[in-house]
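Take a look at the structure set out below.
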Amino acid sequence: MNDLSPKARMSLPRQSMPAQPADERSHNFSEVNLGLSVLQAHQEALRCLECTHPRCTQGCPVGVKVKDFVALIAAGDLLAAAAKLREDNVLPAITGRVCPQEHQCEGACILGKRLAPLGIGYLERFVSDYEREHGVHTQAAKVPTTGKRVAIVGSGPAGLSAAGDLAQRGHAVTVFEALHEPGGVLIYGIPEFRLPKEIVRAEIENLRRLGVAFETNVVIGKTVTIDELLGTEGYQAVFIATGAGLPKFLGVAGEHLAGVYSANEFLTRINLMRADQFPDYDEPVFDCRRRTVAVVGGGNTAMDAVRTALRLGAARALLIYRRSEVEMPARREEIQHAREEGVEFLTETVPKAFVGNEQGLLRSIQCIRTEPGPPDRSGRRRVQPIADSEFEVPAEIAVMALGTGANPLIQASTPELATDARGYIAADPETLTTSRPHVFAGGDIVTGGATVISAMGAGRRAAAAIHAHLLMPDSKSDG
Amino acid sequence: MFLIERCEWLAPDIKRFQIRAPRVAQKFQPGQFVIVRVHDHGERIPLTIADADPVAGTITLIVQGVGKTTKLMNRLADGQPIRDVVGPLGNPSQLHRYGTVVVIGGGVGTAIAYPTALGLLRAGTRVVAIIGARTASLLIMEDEMRAASQLLIVTTDDGSRPGPRLVTDALYEVMKSEPKIDLVLAVGPIGMMRAVADMTRPHGILTRVSLNAIMVDGTGMCGGCRVVMGHQTRFACVDGPEFDAHQVDYDLLAQRNRAYREMEQESLRRFEQHPDWDMQWVAEQCRLAERHPEILVNPNTPPNSEAH
Ligand SMILES: Cc1cc2nc3c(=O)[nH]c(=O)nc-3n(C[C@H](O)[C@H](O)[C@H](O)COP(=O)(O)OP(=O)(O)OC[C@H]3O[C@@H](n4cnc5c(N)ncnc54)[C@H](O)[C@@H]3O)c2cc1C
Ligand SMILES: Cc1cc2nc3c(=O)[nH]c(=O)nc-3n(C[C@H](O)[C@H](O)[C@H](O)COP(=O)(O)OP(=O)(O)OC[C@H]3O[C@@H](n4cnc5c(N)ncnc54)[C@H](O)[C@@H]3O)c2cc1C
Ligand code: SF4
Ligand code: SF4
Ligand code: FES
């Protein structure tokens, strides 16, 4: 394996990710990070201490065998490294780019105690890109078909990973998607400059090759109900993976002025509908050029929206967040990239009202400063407004990135499907079974807005549980 | 992709389409709509389902060419495919057996109101229909509406038809002559719906309107279609499209609908100068459908036979 002494390994610096220069990339939608070179990847892999009890693996929500795949990179067998990675992670090119590594694998890596942690995300991205670019793709399942049919509702990371595992076990899988293109948040939410759509499409192509069928333009609960899937449509099990797609608003005055968007709408217009290429594509979006765009929020969605605004030519791109910068839930790398690109941060601030002109167009935002208050029951400090600290920020476009809730479409059309107090579907965390027989649920529609990797983990657990269920003698036989 | 089986002009700029969409046809209830994307570079627009034949697996849409996308759609012909059709979306109209209901359709609103009128009639309601247009040649679905009502009143802004000029004039007459009106349903331009609401409010007549908010996904995901009812925010695509006419904030709806006016005009100008640019996308998808007929939704193959 790796013959360097621990000391020698620890003397190697962490490789930095080559990226487009900030002043260039803030005007285009191409990917910001360019990927490690083969040499860099090898150097980085050499840094791993190959711990006996690797903390990195414990830190990863799906337990990726980091040590093993990294050792294969160090040994120069990149395709084997990719295969090793795929044992635990079916979307590595995606998670390598979007996982909050600093809170997961890299946050736990022992190197991080004194030095920089291993660049696990960079390496994950590197090997899976290598695999994709070298024309290696998943082969069709060799197992005999079981004759069982599974319907998957929603084509985000939870649905896609469940589909892959179930197809590989010989079941006939159909994925139903409400929008005209599969991929969930990976397609309509996360922008091209952070996750090229080509990567998501390649994963979906892989699944098609495995025999997974996709039916877009089908809204389950409207076009077809869950009961019909299990009845006339002849499926033996259903996995609900519809995500947490319901946008939230602040509930303050003026929030419905023209020019105030939800992040979902703003990002969907750009990512799914390509409004950045208007009029070559028909969907319009407010012209951001020479204007100020203010995004409210501090998570990944907020960063994506504000950096998208810059790329649409905004004269000023502002981020309004109610807490301090260190408390922002977004990935560190995104916060740093946003700063480099010229996003202005207005922290410890909340909007109080949106002000429009006589045509009902947004013109400014009334804000108020906040300060930390006493901690709430979860231990997180509350935010309280500072008296008489109001001020006004001129802005023509505002984007609300305040988190999302549960879309009630399926719950409302499926009798006896139990939900929690906030409307999310109640499902067992391990078996993902719901209150309805043959119906499983996982991903953001169960947990609330979380991460790509946790949704993928849920999809894989669902696949295992559905597989076991289908093989049970008393499982549903034919339609 | 979704095949246009038949289409024909109903009036200048208004065209009726019969589109093969078996899943939608099976589920359709009056009051619901679909979202359509004509081609790969197209926007998503909502269109009401005017009628459906679950056996043939077809739905009927009636499109008024007001801008780029609707005018593009109206250039399509029999046998051409439409990229995306999703639905049925929105809540169905409530088709109780009422005593008397007045159904008002202004412009293409007539097409939107028609399936509900017919549904109400079939439920045993006495339906008085009022349909209006700017001028007689723009009137649509007069025969259909006559068949879906006990009494039909036709209005034309320019008086090219004898009778009242505005639908509100007609409503005024009906309110005087009908002993009791249980419900008024008004569908049409925002100004018309507001005027109807203003007329019925003092009399406490239950009034509903179908709101034409700008939509993207139609599933409650984007919030772009939000409308305000009293003090509450509602999403027209999932909470509507029908709402209590007396609660709607019409000014806000009108403002939000104007939001993209300049870009819409630019789009339309470009399309009228170079319709061939868009027709190329259409031709491309026609070729695709010819080479791979399996991508056209076909009611005769079970929906999932593509799988294995
Ligand atoms: C802008 C943005 C940026 C993000 N950035 C990151 C990041 O950097 N790192 C990270 O780990 N996480 C990130 N997240 C969160 C992450 O994307 C989600 O946690 C994850 O996608 C959830 O996966 P899912 O499969 O549960 O649902 P989703 O990805 O939401 O997919 C659900 C799919 O189901 C479809 N659907 C919904 N209802 C129906 C229905 N009734 N019938 C048919 N189809 C339906 C939807 O159209 C959608 O395609 C981000 C989220 C957003 C919005
Ligand atoms: C629930 C519902 C049902 C409808 N049913 C019908 C119908 O049966 N027949 C019909 O002809 N029209 C119907 N409409 C209106 C139709 O959707 C618009 O005329 C169409 O979107 C205009 O697009 P355009 O590109 O041709 O015109 P544009 O020039 O883009 O717009 C003209 C006007 O249409 C509205 N509009 C634009 N884009 C959208 C959008 N994405 N969603 C909604 N409205 C938009 C705007 O108010 C705009 O001012 C319906 C609208 C709704 C909301
Ligand atoms: S999946 Fe995410 S958390 Fe797990 S090892 Fe890969 S980057 Fe780290
Ligand atoms: S904790 Fe860090 S050093 Fe140890 S095996 Fe994992 S990645 Fe390597
Ligand atoms: S159209 Fe997006 S929420 Fe209604």
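Quick notes on this structure:
- Overall Cα dimensions of the stretch B:1-150 - principal axes, largest extent first, Å: 47, 35, 23
- Estimated inter-spin distance, residue B:78 and residue A:249, nm [label 7 Å along Cα→Cβ]: 4.6 nm
- Only Lys, Arg, Asp and Glu carry charge here, each on its Cβ (+1 for the first two, -1 for the last two); on that basis the stretch A:6-133 has a dipole of about 540 debye about its Cα centre.
- Within the accessible area of the stretch A:362-479 (1.4 Å probe), percent carbon and sulfur: 55 percent
- Rounded to the nearest whole Hz, the Karplus-based 3J(HN,Hα) values (6.51 cos²θ - 1.76 cosθ + 1.60, θ = phi - 60°) of the stretch B:58-75 follow the sequence 10, 10, 10, 10, 10, 10, 9, x, 10, x, 3, 5, 5, 5, 5, 4, 5, 8, with x at glycine and proline.
- Mean separation of Cα contacts under 8 Å, 6 or more apart, over the residue count of chain B: relative contact order %: 18 percent
- Span-like helix criteria (full DSSP H runs; alpha carbon extent of at least 20 Å along the helix axis; mean Kyte-Doolittle hydropathy of at least 0.5) are satisfied in chain A by A:452-471.
- Helical mean residue ellipticity (222 nm; -39500 (n - 2.57) per DSSP H run of 4+; nearest 500) of chain A: -9500 deg cm²/dmol
- For chain A, the longest piece that avoids every one of the GluC sites (Glu not before Pro) found in DSSP loops with at most 11 other C-beta atoms within 10 Å covers A:1-357.
- For residue B:185, the residues 5 or more places off, or on other chains, whose built amide H falls under 5 Å of its own are B:102, B:103, B:104, B:208.
- Charge tally in the Cβ shell below 15 Å around residue B:166, where Lys, Arg are +1 and Asp, Glu are -1, residue B:166 excluded: -1
- Peptide A:252-258 - average C-beta neighbours from other chains (10 Å radius): 4
- Protein-protein interface of the stretch A:191-237, residues with accessible area decrease of at least 50 Å², isolated chain reference, 1.4 Å probe: A:215, A:217, A:222, A:223
- Rough spin-label spacing in nm, given labels placed 7 Å along Cα→Cβ, for residue A:376 and residue A:8: 5.3 nm
- Looking at the protein assembly as shown, the DSSP beta bridges with both ends there are about 50 percent antiparallel.
- Computed on the Cα atoms alone, the convex hull of the stretch A:6-133 gives a volume of 111 cubic angstrom per residue.
- Per-residue HN-Hα couplings for the stretch A:438-446 [Karplus 6.51, -1.76, 1.60; θ = phi - 60°; Hz; x = Gly/Pro]: 6, 10, 10, 8, x, x, 4, 6, 9
- Length-normalised contact order of the stretch A:30-101 in % [C-alpha pairs under 8 Å, at least 6 apart]: 26 percent
- Area hidden from solvent between A and B (accessible, protein heavy atoms only, 1.4 Å, total, Å²): 4300 Å²
- Close amide H pairs (under 5 Å, H built 1.01 Å from N) link residue A:367 with A:352, A:391, A:392, A:393, residues at least 5 positions away or on another chain.
- Mean partner shielding of peptide B:38-46, defined as the number of other chain Cβ atoms within 10 Å of each residue Cβ, is 4.
- Other-chain or far-sequence residues with amide H under 5 Å of residue A:253's (modelled H): A:354
- Sparsely packed trypsin sites (Lys or Arg not before Pro) within the stretch A:60-159, loop by DSSP, other Cβ within 10 Å at most 15: A:114, A:142
- Shown is the FRET efficiency for residue B:269 and residue A:363, computed with R0 = 25 Å from the Cβ-Cβ distance and rounded to the nearest 0.05: 0.35.
- Taking the convex hull of the alpha carbon positions in the protein assembly as shown and averaging its projected area over all directions gives 36.0 nm².
- Couplings for the stretch B:205-211, taken from phi via the Karplus curve 6.51 cos²θ - 1.76 cosθ + 1.60 with θ = phi - 60°, read 7, 4, 9, 10, 10, 9, 8 Hz in order; Gly and Pro are left as x.
- Per-residue surface analysis assigns residue A:248 an accessible area of about 100 Å², computed on protein heavy atoms at 1.4 Å probe radius.
- Within the shell of other residues whose beta carbon sits under 12 angstrom from the beta carbon of residue A:270, the net charge comes to 0, with Lys and Arg scored +1 and Asp and Glu -1.
- Average accessible area per residue (Å²) across chain B - probe 1.4 Å, nucleic acids and ligands excluded: 42 Å²
- Cα shape, the stretch A:353-433, gyration tensor, a/c 1.5 rule: oblate
- Farthest towards the positive end of the charge dipole of chain B, among the residues B:229, B:28, B:271, is the Cα of B:229, using unit charges on the Cβ of Lys, Arg, Asp and Glu.
- Take the Cβ atoms of residue B:290 and residue A:145, set R0 to 35 Å, and the FRET efficiency comes out at 0.65.
- Förster-model FRET efficiency, 35 Å R0, residue A:421 and residue A:49, C-beta, rounded to 0.05: 0.20
- Inter-label distance for residue A:280 and residue B:261, nm, one decimal - labels placed 7 Å from Cα along Cα-to-Cβ: 3.0 nm
- The Rg/Rh ratio for the stretch B:80-174, using Cα coordinates for both the radius of gyration and the Kirkwood hydrodynamic radius, is 1.04.
- Over 20 Å apart at the Cα level, from the set A:84/A:197; B:15/B:68; B:15/B:71; A:148/A:197; A:148/A:222; A:248/B:68, are A:84/A:197; A:148/A:197; A:148/A:222; A:248/B:68.
- Here the extension length gained between residue B:176 and residue B:134 equals 12.7 nm, from 0.36 nm per residue of separation less the Cα-Cα distance.
The values are calculated or read from the model by the stated rules, or taken from the named source; none is laboratory data. All of these numbers come straight from a predicted model, not from anything done at the bench. Every residue, glycine as well, gets a Cβ built from its backbone with ideal geometry; the counts of neighbours run over all protein chains shown. Areas reflect the complete protein model, heavy atoms only, side chains present, ligands, DNA and RNA absent. Shrake-Rupley method; radii C 1.70, N 1.55, O 1.52, S 1.80 Å.
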